[in-house]
Amino acid sequence: MSQPFLIYNTLTRQKELFKPLTPDHVGMYVCGPTVYGDAHLGHARPAITFDVLFRYLTHQGYKVRYVRNITDVGHLEHDADEGEDKIAKKARLEQLEPMEVAQYYTNRYHEAMDRLNVLRPSIEPHASGHIIEQIELVQKILDAGYAYVSNGSVYFDVNKYAADTKQYGRLSGRVIDEMLSTTRQLDGQEEKRNTADFALWKKAAPEHIMRWNSPWSIGFPGWHTECTAMGTKYLGEMFDIHGGGMDLMFPHHESEIAQQTSVTGHGPCHYWMHNNMITIEGQKMGKSLGNFITLDEFFNGSHINPKDGKEMLAKAYSPMTIRFFILQAHYRSTVDFSNDALLAAEKGYSRLMQAFKTLRSLQPSKASSIDVKGYRQLCYDAMNDDMNTPIVISHLFDAAKAINTVNDHKATLTKEDIDELTSLFQTFVFDIMGLRDEASTDNTALIDGLMQMILDVRATAKANKDWTTSDKIRDSLGQLGIAVKDGKDGATWELK
């Protein structure tokens, strides 16, 4: 059914052979966005990373239940247990209902992901729709003795959990004593037993506009509570893969492990997978740092640096250029934004799309002078080695080079080998990597037919030595961004 697939488990810090808990089925939970602003490049990376994983597991024959949440309550400023809820703050500033803000930016997020060709998850639960489950989880943690009520709020007792399990900090590598000495004291946190404790439920201040009834107070759930509650509801107490950005390892994912372990005796999943960050000048891109570029700004080519007022984007970049840019790096490596890197990605993406277009026009020969049958296994080998997409791309570039060599009449391919390359591109470029040809439309056949008719008119003009008409057609097409290339088998065209 499936080939051996190695993935890097952040929890064990080594590559491990992927073996699902239930044969032929995979349960995967990925932390989704907090919807209080437009999606930026930092949001695109986990979405694309785990989209490729979703696509590949499905391609391998697994039935995948992919859960990616929407955080629309409980995520406070600076990831702390005090301050305003990020969505509530946005609602107050814009004089809107919090759910109005959440719905607007959820829609915007979906629109951006659709343009990036990110598949929708199997289930997309909202935190605000699972308050009951979160209250039930908090009560279970209280009953287990790993939480306490203080002034209407409920906090997880990190010291007791760490002493009993010796597990706290295992995922992130944090040491409990260091956390206690370095965690800053925030206003209003005197109700905690120690600063490392985190909120499971917060009593709402009078001005807090998102609030629900609970056994402890009128309030709202903690940020970490939602993922444990929703992951358990839709995937069970133990599932296969939990994914997210590396910046979520602490405190979010470490807290998820603590919550689940305190109730069930084990963490939520078998494999933890984390993508690395997108950086600008070596600093993580993020809303809280104010150095982010939204996806819409990439698509329209306009972003002003708030620090110096200078334009940061040299031009507009298409969604597939952004997707290719992210896939050119291994998901566990840092990617630094620059216009040069995006221009290189644009060129690389166009190279693959043009190679596929050329492939469809190749004339088969009786024998092949190039062996193309090995590319498929090389691509599988790269994917099976912790989803190494840059190596997959390098093999696809090699295949593109072979296609261009044949097109230049310096090599030959049989119909069987042309079909194999066509299948290779369909499988890895389009199905698994999730790229699509942005130049193609539903009217591709019509456009190809019209272009062939124009080239036939030009060929007739050339045969009649009507160079004026021939050159005018070529130059007019050039002004429209269409390059005409003359060859001994006739003229071909491509978008510049």
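Filter LYS90/LYS192; LYS19/LYS140; LYS19/LYS63; LYS347/LYS485; LYS86/LYS203 down to the pairs with a C-alpha to C-alpha distance above 21 Å, please.
From LYS90/LYS192; LYS19/LYS140; LYS19/LYS63; LYS347/LYS485; LYS86/LYS203, over 21 Å: LYS90/LYS192; LYS19/LYS140.
State, as an integer percentage, the relative contact order of the stretch 6-275 based on alpha-carbon contacts under 8 Å between residues 6 or more apart.
About 24 percent, as a whole number.
Select from the stretch 270-354 those trypsin sites (Lys or Arg not before Pro) which occupy a DSSP coil region and have at most 16 other Cβ atoms within 10 Å, ordered by residue number.
Here the trypsin sites (Lys or Arg not before Pro) that fit, given the DSSP loop and packing criteria, are LYS307, LYS310, LYS315, ARG332.
Relative contact order (percent) for the chain, with alpha-carbon contacts under 8 angstrom and 6 or more residues of separation?
15
Run down the aspartates and glutamates and flag those whose C-alpha is under 13 Å from the C-alpha of LYS15, throwing out any fewer than 8 positions away in its chain.
Once the sequence-local aspartates and glutamates are set aside, what remains near LYS15 is ASP385, ASP386.
With a probe of 1.4 Å, find how much accessible area the stretch 1-136 has per residue, and write the answer as a whole number in Å².
Solvent-accessible surface per residue comes out at 41 Å².
Note down the Stokes-Einstein diffusion coefficient of the chain in µm²/s, whole number, using a Kirkwood radius over alpha carbon pairs, 25 °C, and 0.890 mPa s.
D = 97 µm²/s.
Which of the trypsin sites (Lys or Arg not before Pro) across the stretch 372-427 are loop residues per DSSP, with 14 or fewer other Cβ within 10 Å?
Qualifying residues, ordered by number: LYS373, LYS410.
To the nearest 10 square angstrom, what accessible area does SER122 show with a 1.4 Å probe?
Estimated to the nearest 10 Å², SER122 gives 60 Å².
Taking 0.36 nm per residue of separation and subtracting the Cα-Cα distance, what length does fully extending PHE397 through GLU494 add?
33.1 nm
Got the relative contact order for the stretch 444-495 handy, in percent, Cα pairs under 8 Å and 6 or more residues apart?
26 percent.
Lysines near LYS310 by alpha-carbon distance under 19 Å, same-chain residues fewer than 8 away left out - which ones?
Straight-distance partners of LYS310: LYS287.
Cross-link partners among lysines for LYS373, C-alpha distance below 23 Å, same-chain residues fewer than 8 apart left out?
Within the straight-line cut-off, LYS373 pairs with LYS357, LYS401, LYS410, LYS415.
Going down the table (LYS202/LYS233; LYS89/LYS284; LYS233/LYS284), which pairs top 28 Å between alpha carbons?
LYS233/LYS284
Using a 1.4 angstrom probe with every protein chain in place, what is the largest-first accessible-area order of ASP398, ASP240?
From most accessible down to least: ASP398, ASP240.
Protein chains only, probe 1.4 Å: how do ASP340, ASP157 rank by accessible area, largest first?
Highest to lowest solvent-accessible surface, that is ASP340, ASP157.
If you stretched the chain out fully between ASP456 and GLN3, how much longer would it get, using 0.36 nm times the residue separation minus the C-alpha to C-alpha distance?
158.3 nm
Enter the accessible area of GLU311 (Å², nearest 10), with the probe set to 1.4 Å and all protein chains included.
Roughly 90 Å² of GLU311 is accessible to a 1.4 Å probe.
Given 0.36 nm per residue, what is the gain on full extension from GLU111 to GLU16 after removing their alpha carbon distance, in nm?
That pair, GLU111 and GLU16, stretches by 30.7 nm at full extension.
FRET efficiency for ALA341 and ALA144, Cβ-Cβ distance as r, R0 = 41 Å, nearest 0.05?
0.25
Please go through the stretch 91-166 and write out the trypsin sites (Lys or Arg not before Pro) that DSSP classes as loop and that have at most 16 other C-beta atoms within 10 Å.
Sites meeting the loop and neighbour criteria: LYS166.
In deg cm²/dmol and to the nearest 500, what is the mean residue ellipticity at 222 nm of the chain if only DSSP H runs of at least 4 residues count, each as -39500 (n - 2.57), divided by the residue total?
For the chain, the value works out to -13000 deg cm²/dmol.
Report the calculated FRET efficiency for ALA439 and GLU100 (r = Cβ-Cβ distance, R0 = 35 Å), to the nearest 0.05.
The pair ALA439/GLU100 has a calculated efficiency of 0.40.
Among DSSP beta bridges whose residues both lie in the chain, state the antiparallel percentage, nearest 5.
That works out to approximately 55 percent antiparallel.
Only bridges with both residues in the stretch 6-275 count here: give the DSSP antiparallel percent, nearest 5.
50
The values are calculated or read from the model by the stated rules, or taken from the named source; none is laboratory data. This is a predicted model, so every value here is computed, not measured. Glycine also receives a Cβ, built like all others from the backbone with ideal geometry; neighbour counts cover every protein chain displayed. Ligands, DNA and RNA are excluded from the accessible area calculation, which covers all protein heavy atoms including side chains. Shrake-Rupley method; radii C 1.70, N 1.55, O 1.52, S 1.80 Å.
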